[in-house]
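S.K.: First the structure, which I've put down as structure tokens, then a few questions once you've had a look.
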Amino acid sequence: MKFAALVAILADDLEEKAIESAKAAGAGGVTILDARGIGTREKKSFFGITYEGSQSVLLFVLEKKLSVTVLKRLTQDLELDKHSKGVVFTLPLEHIAGIDVAQIEHFETQLKDKI
């Protein structure tokens with residue numbers, strides 16, 4: 001079975017919606033990281049205080065085909081193709097250890113249901 005890491009870097013206000021959307025598409029657990037980004041646009045300043053905005057980084061480890069399904073669902077549900085409030089991408093995982101056996105069985109069941 002091949003795995004992929006799906007990474008979603010999103011504006012904080014999209015975090016909950018993204019998690020719900022990913023779970024509805026078949027994703028299980030997620031690791032959530034707080035982040036700050038530096039973009040190409042000029043930063044907003046108010047009385048000398050600069051606001052950069054906060055972001056969430058969501059990291060999912062998924063079966064490879066499921067990762068594409070979740071990516072498409074996030075793109076659609078969060079309308080990422082219409083505005084730049086985030087980016088979602090996948091990376092192939094060559095070696096992996098520590099995935100719960102129940103999670104692997106869940107992936108296998110999902111694959112069998114699709115076949």
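S.K.: Checking residue 88 against (1) touching a residue at least 12 places away in the same chain (Cβ under 8 Å); (2) more than 15 Å from residue 5 (Cα to Cα); (3) not basic (Lys, Arg), only one condition comes out false. Which one?
M.R.: (2)
S.K.: Kindly establish whether residue 55 is surrounded by 11 or more Cβ atoms within 10 Å (Cβ to Cβ), touching an Asp or Glu at 6+ places or on another chain (Cβ under 9 Å), modelled with pLDDT under 95 and in a strand (DSSP E or B). Steps first, answer last, please.
M.R.: Numbers: surrounded by 11 or more Cβ atoms within 10 Å (Cβ to Cβ): yes; touching an Asp or Glu at 6+ places or on another chain (Cβ under 9 Å): yes; modelled with pLDDT under 95: yes; in a strand (DSSP E or B): yes.
The answer is yes for residue 55.
S.K.: Something else about it: Checking the structure you have, find out if any residue of the stretch 2-20 is surrounded by 11 or more Cβ atoms within 10 Å (Cβ to Cβ), modelled with pLDDT of 90 or more, closer than 28 Å to residue 113 by Cα and not hydrophobic (A, V, I, L, M, F, W, C).
M.R.: yes
S.K.: What's the total number of residues in the stretch 21-52 that are touching a Lys or Arg at 6+ places or on another chain (Cβ under 6 Å), at pLDDT 85 or above and not polar (S, T, N, Q)?
M.R.: Taking the stretch 21-52 and keeping what is touching a Lys or Arg at 6+ places or on another chain (Cβ under 6 Å), we get 21, 25, 50-52.
In the following step, the residues that additionally are at pLDDT 85 or above were identified as 21, 25.
From what's left, not polar (S, T, N, Q): 25.
Residues meeting the conditions: 1.
S.K.: Look at the stretch 84-104 and say how many of its residues are exposed (fewer than 10 other Cβ atoms within 10 Å of the Cβ) and modelled with pLDDT under 80.
M.R.: Matching residues across the stretch 84-104 total 2.
S.K.: Say whether the condition of being touching a Ser or Thr at 6+ places or on another chain (Cβ under 8 Å), charged (D, E, K, R) and touching a residue at least 12 places away in the same chain (Cβ under 8 Å) is met by at least one residue in the stretch 72-81. Steps first, please.
M.R.: Residues of the stretch 72-81 that are touching a Ser or Thr at 6+ places or on another chain (Cβ under 8 Å), as a first pass: 73-74, 77-78, 81.
Cutting the leftovers down to charged (D, E, K, R) gives us 73, 77, 81.
From the residues that got through so far, the ones that are touching a residue at least 12 places away in the same chain (Cβ under 8 Å) too are 73, 77.
Yes, the conditions are met somewhere in the stretch 72-81.
The values are calculated or read from the model by the stated rules, or taken from the named source; none is laboratory data. These numbers come from a predicted model, not from an experiment. Glycine also receives a Cβ, built like all others from the backbone with ideal geometry; neighbour counts cover every protein chain displayed.
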